[in-house]
Amino acid sequence: QVHVVESGGGVVQVGGSLRLACVAYGRTFSSAGMGWFRQAPGKEREFVTAISWSGPSTYIADSVKGRFTISRDNAKNTVYLQMNSLKPEDTAVYYCASRKPYGSNWYDAASYDYWGQGTQVIVSS
């Protein structure tokens, strides 16, 4: 079992920045890494970015490439999402999730087994 807690959301102006954090508690050694998803009003949940504990390997959606950066601190079982140049379309609830220890797909929500409750990001114009 892995308990996932994300934090750092809030309200920010267009062009501003936020840094989200996600801490995984429990048997993190059973996880391949962590990922970020988001769900905006009226839209489906979408993949944002992910990182493996080993390697590391990173994965990122085209919609945020060049603006968002994922990083991790293995000793703290923590991953971070640095969000820069925020746009109104980035407004969403952001979810952190623990990646299953097997499989090759990092972009599908079905590849993640433990989820945080989400943190709200609002980009105002």
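The values are calculated or read from the model by the stated rules, or taken from the named source; none is laboratory data. Small disclaimer: the values here were computed from a predicted structure and weren't measured. Positions of Cβ are backbone-derived with ideal geometry, glycine not excepted, and every protein chain shown enters the neighbour counts. Note: accessible area is taken over every heavy atom of the protein model, side chains too, but ligands, DNA and RNA are not part of it. Shrake-Rupley method; radii C 1.70, N 1.55, O 1.52, S 1.80 Å.
Residue 64 fulfils the conditions (1) under 15 Å from residue 92 (Cα atoms); (2) in contact (Cβ under 8 Å) with a residue 40 or more places away in the chain; (3) buried (at least 17 other Cβ atoms within 10 Å of the Cβ) except for a single criterion, (2). Among the residues of segment 10-39, just one is modelled with pLDDT of 95 or more, in a loop (DSSP other than H, G, I, E, B) and hydrophobic (A, V, I, L, M, F, W, C), namely 14. Residues that are within 16 Å of the chain's Cα centre (by Cα) and within 18 Å of residue 76 (Cα to Cα) within segment 31-56 comprise 31, 32, 33, 34, 35, 36, 50, 51, 52, 53, 56, listed in sequence order.
Condition check for residue 86 on (1) touching a strand residue (DSSP E or B) at 6+ places or on another chain (Cβ under 8 Å); (2) surrounded by fewer than 21 Cβ atoms within 10 Å (Cβ to Cβ): one failure, at (2).
Selection of segment 102-115 for residues being touching a helix residue (DSSP H, G or I) at 6+ places or on another chain (Cβ under 7 Å) and modelled with pLDDT of 95 or more yields only 105. Test residue 6 against the stated conditions and say whether it is within 11 Å of the chain's Cα centre (by Cα) and acidic (Asp, Glu). Answer is yes for this residue.
When 114, 95, 80 are checked against the criterion of being part of a strand (DSSP E or B), among the aromatic types (Phe, Trp, Tyr) and surrounded by fewer than 21 Cβ atoms within 10 Å (Cβ to Cβ), 80 stands alone in meeting it. In segment 98-111, of all residues being closer than 16 Å to residue 2 by Cβ and among the charged types (D, E, K, R), the one that is most open to solvent (accessible area, probe 1.4 Å) corresponds to 100.
Which is open to solvent by less than 70 Å² (accessible area, probe 1.4 Å), within 15 Å of residue 119 (Cβ to Cβ), of a type in the set (Ser, Thr, Tyr) and modelled with pLDDT of 95 or more, of 71, 7? Being open to solvent by less than 70 Å² (accessible area, probe 1.4 Å), within 15 Å of residue 119 (Cβ to Cβ), of a type in the set (Ser, Thr, Tyr) and modelled with pLDDT of 95 or more holds for just one of 71, 7, which is 7. The numbered conditions (1) more than 12 Å from the chain's Cα centre (by Cα); (2) on the phi > 0 side of the Ramachandran plot; (3) surrounded by 14 or more Cβ atoms within 10 Å (Cβ to Cβ) are all true for residue 28 except (2). Filtered by the rule that a residue be over 17 Å from residue 65 (Cα atoms) and either at pLDDT 95 or above or open to solvent by 20 Å² or more (accessible area, probe 1.4 Å) (or both), segment 40-54 gives 40, 41, 42, 43, 44, 45, 53, 54.
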